[in-house]
Amino acid sequence: MPGDPASTRLDAARRAADLAALADRAEPVDLLVVGGGVTGAGVALDAASRGLDVVLVERRDLAFGTSRWSSKLVHGGLRYLATGNVGIARRSAIERGILMTRTAPHLVHAVPQLVPLLPASNAFARSLVRTGFLAGDALRALAGTPSSVLPRSRRIGAEAAAELSPTVRRDGLDGGLLAYDGQLVDDARLVVAIARTAAQHGARVLTRVGASQVSGDGALLTDETTGETLALRARAVVNATGVWAGEVDESIRLRPSRGTHLVFDAAAFGDPVAALTVPIPGETNRFVFAMPEQLGRVYLGLTDEEAPGPIPDEPVPTDGEIDFLLDTVNTALATPLTHADVRGAYAGLRPLLDTGGGRTADVSREHAVLESPSGVLSVVGGKLTEYRYMAEDAVDRAVAARALAAGPCRTRSLPLVGAPGNPARWEAPRTAHALPVSLVERYGDEAPTVVASATCARPLDPVADGIDVTRAEFEFAVTHEGALDASDVLDRRTRIGLVEADRARAESAAREFVS
């Protein structure tokens, strides 16, 4: 039941029990979802909360693909407004507001974005940015997001700009333009929260389970940990595998583009408060962002490069992309950053629909729900901010096409686990110590449970010196969040693995909990 705290728990025992139950099942499930990224998890939650019998399978781990490689921003759609795509801009602002005020306020917070006014920015460029920020204010108001959640944009002086971004160039600095957007504590944590909320409503969420021979009425499932298979029948099947969608439905044509980020110590940017937002030379509405993040990091992104060919499990940034990001951000810094300052890097592939020629940066971010000849419904395109809207669209299509007995969509106001108002509230005993701020930021209302449910020694100790992740969080990843191996813990339940040196220091602690 949704009010039972145990209903949100994903662990190896629940996985084994769910697989055994499916192997013995004679009747088809209502909906099979293939893919455990943000879209697939969103589809599972939408369908399960409508009362449907749902199974989600993911060949690897939750948020294994594109969903963990984002900028960690919940965009309000300003860029799309600038290109004339009013529909996606408005939807993005609405979906951002839903996350920040109702479904995941513990995971999405306002982040200031600073555009420094430097000599290279002429009057036209400045007025363009200011007009865009005012349009963003209008979008926020239209979406019903209060200014107490997302403050209004404004111009600030040079001293205030330097306080927000201490390493910005001071020579010729004429203040800055400041706006606010939504920032995720972490994208992979959002996916895990959605998946656990789907489980709370009865969905079976199965990682390390591959799907083959996928058709509109089921698939052959393979437990990747044992090799055992079972044929699962379903009344409807949704393919939410992102850039791998063409492997499930060969009729789909995608045009992936690669987005690369670099990882720095926050000290390299003077421990900034705001996301330094730097115009890309020669572009009118594209920027790179240096964003303060958890674990004392700054992420610098983002590129948009064609990525043809086979889809890798983990895309790799190119030297050219790294140079581009450094060169661009250095136009706004007093002291240039070099390759030696880079602590890590990551890249993700956007599952864009192939609409013909032109740059991938100009390809529409609209999503589509496509039906294959065999009846599989595939969700392709789109962007992380609109995952809930995309999921609603896909489930609506499945319900209509297969005459499923489902209630109305509920996800506009359904709090995820950890958010205020989620019914599965643990009665966690008081702890003898104050909870670390970083733990509360990652877990919201579940933070006391993370510590109270821990059975390990020294639960509030860091997993390694200088890393603000506790041993209790590692244990919780395994006992409640479906982590099955050390990589799940280090690379997706936490983001320690983004810096290889940190990964090496924390790996023994991770293995302690999955052995």
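Bear in mind that the values in this text are calculations on the coordinates, not laboratory data. Fair warning: this is a prediction, and the values are worked out from it, not measured in the lab. Quick reminder, even Gly has a Cβ in these numbers, built from the backbone with ideal geometry, and neighbours come from all protein chains shown.
Using all pairs of distinct alpha-carbon atoms, the Kirkwood hydrodynamic radius of the stretch 373-475 works out to 17.1 angstrom. Any idea what diffusion coefficient the stretch 15-117 gets from Stokes-Einstein, in µm²/s, Kirkwood Rh on alpha carbon pairs, 25 °C, 0.890 mPa s? Result for D is 148 µm²/s. In this structure the amide hydrogen of Leu117, modeled in the peptide plane, comes within under 5 Å of the amide hydrogens of Asp174, Gly175, Gly176, Leu177, none closer than 5 places in sequence on its chain.
Since only Val108, Gly301, Ala457 are under comparison, the one whose Cα sits farthest along the positive direction of the charge dipole of the chain, derived from C-beta charges on Lys, Arg, Asp and Glu, is Val108.
Considered as an equivalent ellipsoid built on the Cα gyration tensor, the stretch 437-514 has semi-axes of 18, 13, 12 Å, the largest given first. Cα centroid separation, the stretch 366-385 to the stretch 65-101: 18 Å. For the stretch 312-357, a crude dipole built from +1 on the beta carbon of Lys and Arg and -1 on the beta carbon of Asp and Glu, taken about the Cα centre, is about 160 debye to the nearest 20. Using 0.36 nm times the number of residues separating Asp327 and Arg152, minus their current alpha carbon distance, what extension gain do you get? That works out to 60.0 nm of additional length.
From its DSSP helices (H runs of at least four residues, each -39,500 (n - 2.57)), the chain gives a residue-normalised ellipticity at 222 nm of -9000 deg cm²/dmol. Per-residue 3J(HN,Hα) values for the stretch 405-421, derived from phi via the Karplus relation 6.51 cos²θ - 1.76 cosθ + 1.60 with θ = phi - 60°, read 7, 10, x, x, 4, 10, 6, 5, 10, 9, x, 6, 4, x, 8, x, x Hz in sequence order (x marks Gly and Pro). Here the Kirkwood formula, the inverse mean of 1/r across different C-alpha pairs, assigns the stretch 171-277 a hydrodynamic radius of 18.8 Å.
Can you tell me the dipole magnitude for the chain around its Cα centre, using point charges on the Cβ only (Lys, Arg +1; Asp, Glu -1), in Debye to the nearest 20?
In total the dipole reaches around 1440 debye.
Using C-alpha pairs below 8 Å separated by at least 6 residues, the relative contact order for the chain is 22 percent. Put simply, the convex hull of the Cα atoms in the chain casts, on average, a shadow of 22.9 nm². Between Glu228 and Ala452, the modelled label-to-label distance comes to 3.5 nm, taking each label 7 Å out from Cα in the direction of the beta carbon.
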